[in-house]
1. So which residues in the range 18-33 are assigned to a helix (DSSP H, G or I) and in contact (Cβ under 8 Å) with a residue 12 or more places away in the chain, if there are any at all?
2. Being part of a helix (DSSP H, G or I) and either aliphatic (A, V, I, L, M) or within 30 Å of ILE139 (Cβ to Cβ) (or both) is the filter here, so list the residues in the range 39-58 that pass it.
3. Restricting to the range 59-113, give me the number of residues that are assigned to a loop (DSSP other than H, G, I, E, B), touching a residue at least 12 places away in the same chain (Cβ under 8 Å) and exposed (fewer than 14 other Cβ atoms within 10 Å of the Cβ).
4. Yes or no: ALA27 of a type in the set (A, V, I, L, M) and surrounded by 14 or more Cβ atoms within 10 Å (Cβ to Cβ)?
5. I'm trying to understand the selection: among the residues of the range 6-62, which are at positive phi and charged (D, E, K, R)?
6. Every residue in the range 160-205 that is at pLDDT below 75 and not polar (S, T, N, Q), please.
Amino acid sequence: MKEQVITTQEKIKQAAEELFMVKGYAATKTRDIAQASGINLALLNYHFKSKENLFSIIMKERFLTFFGSVLPLFNDKETSLQQKFEKITDKYFEILRQNPDLPLFVLGEANKNPEGFAEGLSGVEFINNSYFTQQVKAINPGIQPENMLINLLSVVVFPFIMKPVLNLLSTQQEFNFEQMMQERKQMIPLWMNSLLTQQNENNEI
């Protein structure tokens with residue numbers, strides 16, 4: 001059986017990803033990445049030019065991998081809309097725990113380079129034509145499916161963006177971020193379903 005050869009670029013990305021996760025982007029130096037990769041600084045710069053470029057490549061790969069893992073959920077004809085809310089919420093929580101820097105990267109990249117970032121969202125058109133969209137319209141024709149998706153992403157992602165601030169509460173009062181996330185994971189699908197049905201009732205009045 002052939003042993004898989006890891007390229008220099010992969011070694012650098014693996015080392016950088018671990019350092020970014022542990023130390024954060026700002027505290028990670030290119031010299032640290034080179035040392036953890038077992039290469040010299042000149043070779044790192046040759047492959048990736050800068051720490052910013054390396055970080056951008058890593059986070060884009062994470063984002064696209066995540067997006068690809070979520071897309072099938074939108075077109076699953078075997079699950080109800082409520083089940084889709086639950087499964088999509090679970091998947092987002094899973095990826096955000098594994099990639100805590102992802103939300104800030106997405107926000108920064110979307111603001112810094114909206115055209116380039118949009119090009120990477122090849123699944124957006126897929127979602128617009130998905131079974132998820134059909135289900136939303138069937139329950140409530142008066143609501144845009146995009147609004148439901150934006151609301152879902154917002155209530156999932158916002159606490160992870162605010163995690164550093166929320167963690168400060170632990171010095172002032174009893175607070176457990178993970179416990180709060182577990183509670184939200186149960187509540188978010190209920191909120192989404194309530195929002196969808198409530199707006200439908202308002203439209204019928």
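1. GLU18, LEU19, PHE20, MET21, THR30, ASP32, ILE33
2. Scanning the range 39-58 gives LEU41, ALA42, LEU43, LEU44, LEU54, ILE57, ILE58.
3. The total comes to 2.
4. So ALA27 does not fit the description; no.
5. LYS49
6. Correct list: LEU169, GLU174, PHE175, GLU201, GLU204, ILE205.
The values are calculated or read from the model by the stated rules, or taken from the named source; none is laboratory data. Since this is a predicted model, take the numbers as computed values, not measurements. FYI the Cβ positions are ideal-geometry reconstructions off the backbone, even for glycines, and counts take in every protein chain you see.
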